[in-house]
Amino acid sequence: MLAAERQQKIVEIVNERLSVRVSELSKLFSVTEETIRRDLEKLEKENKLKRSHGGAISIRDESEIDFSEREITNAAEKKAIAHEAAKRIESGDRIILDASTTAWYLAKALPDIPLTVLTNSIKVAVELSKKEKIQVVSTGGMLSPRSLSYVGPLAERSLETYHVDKAFLSCKGIHLESGLSESNEWQALLKKKMMSIADQVIFMVDSSKFGVRTFVHIADLDCVHHLITDHQVDAETVRKLEEKQIPLTIAQPEHSAARS
């Protein structure tokens with residue numbers, strides 16, 4: 001396969017899956033990881049994708065991508081993160097979950113114990129409705145059909161009524177200098193409000209999100225009480241987070257134990 005053909009295929013894969021790792025592309029095309037890195041550098045210069053730590057992400061606006069498409073992207077990593085997050089939830093907790101696919105996986109992982117869960121996500125609310133002991137409170141607001149969530153001023157104002165013990169949130173990008181970001185302004189504003197009503201703020205981000213800056217700034221990293229990511233996060237990122245004294249838990253695949 002010619003380099004141009006391989007690069008076109010890489011763009012197609014990134015746009016289909018939203019993110020991909022260098023190691024995966026290396027195996028898929030039977031070339032070295034260094035070759036793939038050169039391909040990604042060229043494609044980024046051509047504005048066809050964006051490089052991230054250990055891979056690349058699509059430059060398509062995720063606010064326009066359906067929930068059903070996002071939920072299968074890095075699904076194994078999101079499930080591992082969700083199961084690790086579930087360990088931090090105790091009977092009687094009042095928590096808030098955003099409209100991310102990782103929050104939906106967390107809703108699926110939660111045991112049926114007495115909890116109050118506030119959310120702007122239709123998918124999360126429906127998932128938790130199957131669990132009799134969990135009380136679900138929906139924000140209401142303007143429906144975002146692609147994310148299946150409520151956003152806007154009404155959703156934001158509804159949060160002012162509440163106070164929660166823990167907020168479990170995700171984001172489109174996490175950068176060591178510029179902090180947390182979202183591709184959609186409505187979601188970013190709502191997440192800021194969610195953070196403001198929580199005693200503890202826990203962000204659940206798969207490793208493909210590190211090194212990424214998207215359109216709207218949510219908050220600086222020092223506003224986060226704990227980060228949970230997957231086992232493919234690179235050692236340099238872990239080292240820099242430790243330097244910044246950001247508590248981090250790395251969720252291992254289901255057959256392994258997580259490490260903090």
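The values are calculated or read from the model by the stated rules, or taken from the named source; none is laboratory data. Being a predicted model, the structure only gives us computed values, none of them experimental. Please note: Cβ atoms are built from the backbone with ideal geometry, for glycine as well, and neighbour counts cover all protein chains shown.
Of note:
- Any hit, segment 110-125, residues being buried (at least 22 other Cβ atoms within 10 Å of the Cβ), in contact (Cβ under 8 Å) with a residue 40 or more places away in the chain and closer than 22 Å to ASP199 by Cα: yes
- Across segment 158-168, a minimum of one residue is classified as among the charged types (D, E, K, R), in contact (Cβ under 8 Å) with a residue 40 or more places away in the chain and assigned to a strand (DSSP E or B).
- Extreme residue, nearest to GLU84 (Cα to Cα), among residues of segment 206-228 that are free of Cβ contacts under 8 Å to residues at least 60 places away in the same chain and of a type in the set (A, V, I, L, M): LEU227
- Residues that are under 23 Å from PRO253 (Cα atoms), modelled with pLDDT under 95, crowded, with 18+ Cβ neighbours inside 10 Å and not acidic (Asp, Glu), drawn from segment 206-231: SER207, SER208, LYS209, PHE210, GLY211
- Selection within segment 229-246 - without any contact (Cβ under 8 Å) to a residue 12 or more places away in the chain and either part of a loop (DSSP other than H, G, I, E, B) or touching a Ser or Thr at 6+ places or on another chain (Cβ under 7 Å) (or both): GLN245
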